[in-house]
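Written out below as structure tokens is the structure these notes cover.
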Amino acid sequence: MADKGRFPHYMIKEIFDQPQGLRDTIQPRVSLEQGIVKLDEVRISPEELRDLRRISIVASGTSRHAGMAGQYMIQELTNIPVDVDYASEFEYRNPLIGRGELTIVITQSGETADTTAAQREARAKGSRTIAISNVVDSTIAREADGVIYTNAGPEISIASTKAFTAQMAVLFLFALYLGQVREKLSKEQVRRYIRELLDLPGRVETVLQSAPECERLGDKYHTVEDFLFLGRAIHYPIAMDGALKLKEVSYIHAEGYPTGETKHGPNALIDESLPVVIIATCDRNDPGSVLRYEKNLANIKGFKEQSGRVIATNDFYSRSSGAAFAHSRDRAAAAVRVLHDSAKRAGRGSPAQPGKVGNVGVGPPSWVSDLLHPIKTAEVPRRLRI
């Protein structure tokens, strides 16, 4: 079994394993000099990939959240329609898939029963399949037409962290590869994204230096019973996974929700007893990102007028492009630290003084640009000036 090293438990160790997991997942598959992504493991001909009509992503839990982020990536970079399904529900709805389509199945262990069954259903209907797994020679890998391994190393903790990061890295690599094969991306565009991908491990290391500040925020909120996590566009699945991590490790009720949907019901719940975690990054060079940021500010103002307590993540510098996923991992990891390591719900100590939380995040085009910015998390003051 993997060694915990200097860490008190496997989950926090695996959070800190992420930079190396990203390096091992990304570096062998890219060439910055040539401006290409190499995915020899896919084993589906370029001709078939060029003729794809649709892609389905099927997974459960955290892997499904990674798949939802992958939906944005693939559609943005290839213009292929992408659907995302729960593995446990896939076979019950008579999925209308067949030849000329691709089904991507995602599972950390490679042995998830629902996901394995979904892959078999897709193959029986004539779809080609690609498995994304962290375990070599797992069932799902053996049965797929192609496999892309997340080289994150063994993940012992039930709540997935480093595998989640690596899954999104792989999905972005696949989106780039598909865009490259279908000639949707120039060499220079691919080079730009590769450069951002190669930068990510170092950015994550910077993020992890904020652990003590996250602990202080956890101490302040460790008596809270409910949380709401919000995000727009590609940040929505990240918010969902942040909420899932909080539920898994702290036994606190949390929900992930699209920010714009709060006006259709959840607004009624927001008051001083329901902290809201909102992902609100902004790439000043991207009009779509700026528009989403302005909408987020309007939402935050409304939450504060309802006496809501808001924990917002936002970028502290603007930089375009990148790989649409780093923030995802950081949001999930921050969620774990914020209310797991220091929350100690069973021991309910006295809350610490309010404080800022350090760097979290990163983002590329439109939605993607929101994700590749290092960001910082901070409590929004009760009197918010917009």
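The values are calculated or read from the model by the stated rules, or taken from the named source; none is laboratory data. All of these numbers come straight from a predicted model, not from anything done at the bench. Here the Cβ is made from the backbone with ideal geometry for all residues, glycine too, and neighbour counts use every protein chain on show.
Among the residues of region 236-287, write down those that are more than 22 Å from Val84 (Cβ to Cβ), surrounded by fewer than 23 Cβ atoms within 10 Å (Cβ to Cβ) and either modelled with pLDDT under 90 or among the acidic types (Asp, Glu) (or both).
If the condition is that a residue be more than 22 Å from Val84 (Cβ to Cβ), surrounded by fewer than 23 Cβ atoms within 10 Å (Cβ to Cβ) and either modelled with pLDDT under 90 or among the acidic types (Asp, Glu) (or both), then Asp271, Glu272, Cys282, Arg284, Asn285, Asp286 are the ones that fit.
If you scan region 73-96, which residues turn out to be in contact with a Ser or Thr (Cβ under 9 Å, 6 or more places away or on another chain), among the charged types (D, E, K, R) and part of a helix (DSSP H, G or I)?
Residues of region 73-96 in contact with a Ser or Thr (Cβ under 9 Å, 6 or more places away or on another chain): 76, 82-88, 90, 95.
Those left that are additionally among the charged types (D, E, K, R): 76, 83, 85.
Across region 73-96, the qualifying residue is only Glu76.
Condition test on Pro46, is it of a type outside the set (Gly, Ala, Ser) and under 21 Å from Gly153 (Cα atoms)? If you could, list the steps in order and put the result at the bottom.
On the way: of a type outside the set (Gly, Ala, Ser): yes; under 21 Å from Gly153 (Cα atoms): no.
Against the criterion (of a type outside the set (Gly, Ala, Ser) and under 21 Å from Gly153 (Cα atoms)), Pro46 does not qualify.
Do you know which residues across region 197-215 are surrounded by fewer than 24 Cβ atoms within 10 Å (Cβ to Cβ) and within 21 Å of the chain's Cα centre (by Cα)? Spell out the reasoning first.
Just the residues of region 197-215 that are surrounded by fewer than 24 Cβ atoms within 10 Å (Cβ to Cβ), to begin with: 198-199, 201-203, 205-206, 208-213, 215.
The answer is Leu198, Asp199, Pro201, Gly202, Arg203, Glu205, Thr206, Leu208, Gln209, Ser210, Ala211.
Arg182 fails exactly one of the following numbered conditions: (1) in the same structural domain as Gly308 (by TED's automatic domain parsing); (2) over 16 Å from Gly61 (Cα atoms); (3) surrounded by fewer than 21 Cβ atoms within 10 Å (Cβ to Cβ); (4) not aliphatic (A, V, I, L, M). What is the number of that condition?
(1)
Among the residues of region 228-260, count how many are more than 19 Å from Leu171 (Cα to Cα) and of a type in the set (Val, Ile, Thr).
3
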